[in-house]
Amino acid sequence: MRVLLIDDHALFRIGLQELLQRRGIDVVGALGDCQQGMELAASARPDVVLLDMRMPEMSGVEVLKTLRKRKLGMPIAMLTTSREEKDVIDSLQGGAQGYLLKDMEPDELIAALGEIVGGHTVVAKELTGILAKAVQGESEVANAQTALNDLT
């Protein structure tokens, strides 16, 4: 499996890179710059991109949407600390195949990456309640969108 990491926190990025490499995963790049990360995604064509949600120059959702506009079809998984409903929904609606939390266990991350590369969408189990509310129309994001739809 070939992975590209885009995260502005150097300590986390380098630690995750080492963890993945020790598990036999090829890290094609570990970058803190969104523009460089998008360029490397286009040239290296990794099997999966792990993308932070909150970065100074662009949000993870903006990077995600830019990669999708450029017709890069590789799976992209958000790897973040954000448990905010809007972030989860925006990421999945933007084309992410995964929404994972940075505090997950290493074995869970490796398993999730395998599932994502295998074509599945994976969301951290702690966030299934948010997804259930969104599907049932009870989420804050869904309610806000419904209210806007009523405007003429």
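The values are calculated or read from the model by the stated rules, or taken from the named source; none is laboratory data. Bear in mind the structure is a predicted one, so any value in this text is a computation, not a measurement. Ideal geometry is used to build each Cβ from the backbone, glycine not excepted, and the neighbour counts take in all protein chains shown. Accessible surface is based on the protein model in full, side chains and every heavy atom, while ligands, DNA and RNA are left aside. Shrake-Rupley method; radii C 1.70, N 1.55, O 1.52, S 1.80 Å.
Can you go through 2, 54 and tell me which one is farther than 21 Å from residue 108 by Cβ and surrounded by fewer than 17 Cβ atoms within 10 Å (Cβ to Cβ)?
Working: 2 fails: farther than 21 Å from residue 108 by Cβ.
So the residue among 2, 54 that is farther than 21 Å from residue 108 by Cβ and surrounded by fewer than 17 Cβ atoms within 10 Å (Cβ to Cβ) is 54.
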For the subset of the range 56-78 comprising residues that are touching a strand residue (DSSP E or B) at 6+ places or on another chain (Cβ under 6 Å) and among the small types (Gly, Ala, Ser), which member is modelled with the highest pLDDT? 77
Please go through (1) at pLDDT 90 or above; (2) more than 22 Å from residue 54 (Cα to Cα); (3) β-branched (Val, Ile, Thr); (4) open to solvent by 80 Å² or more (accessible area, probe 1.4 Å) for residue 81 and return the number of the only condition it doesn't satisfy. (2)
Checked pairs for the range 1-30, first closer than 14 Å to residue 79 by Cα, second open to solvent by 20 Å² or more (accessible area, probe 1.4 Å) and assigned to a strand (DSSP E or B), C-beta under 6 Å and 6 or more apart or across chains, list as 4/28; 5/30; 6/31; 13/30; 17/30
In the set 77, 134, which member is farther than 18 Å from residue 36 by Cα, touching a residue at least 24 places away in the same chain (Cβ under 8 Å) and not polar (S, T, N, Q)? 134
Give the residues of the range 99-114 that are over 15 Å from residue 46 (Cα atoms) and not hydrophobic (A, V, I, L, M, F, W, C), sorted by residue number. 99, 102, 103, 105, 106, 107, 108
Select, from 8, 26, the only residue that is touching a Gly at 6+ places or on another chain (Cβ under 7 Å), open to solvent by 20 Å² or more (accessible area, probe 1.4 Å), over 29 Å from residue 133 (Cβ atoms) and of a type in the set (Asp, Glu). 8
List the residue pairs whose Cβ atoms are under 7 Å apart, where the first residue sits in the range 38-65 and is farther than 15 Å from residue 94 by Cα and in a loop (DSSP other than H, G, I, E, B), the second is basic (Lys, Arg) and open to solvent by 10 Å² or more (accessible area, probe 1.4 Å), and the two are 6 or more positions apart or on different chains. 46/2; 47/2
Let me confirm something: among 16, 20, which residue is open to solvent by less than 10 Å² (accessible area, probe 1.4 Å), modelled with pLDDT of 95 or more and outside any loop (DSSP other than H, G, I, E, B)? 20
Within the range 100-119, does at least one residue satisfy the condition of being assigned to a helix (DSSP H, G or I), open to solvent by less than 40 Å² (accessible area, probe 1.4 Å) and more than 15 Å from residue 3 (Cβ to Cβ)? no
What's the number of the condition residue 91 fails, among (1) of a type outside the set (Phe, Trp, Tyr); (2) open to solvent by less than 10 Å² (accessible area, probe 1.4 Å); (3) touching a Lys or Arg at 6+ places or on another chain (Cβ under 6 Å)? (3)
Only one residue in 87, 47 is among the charged types (D, E, K, R) and at pLDDT 95 or above. Which one? 47
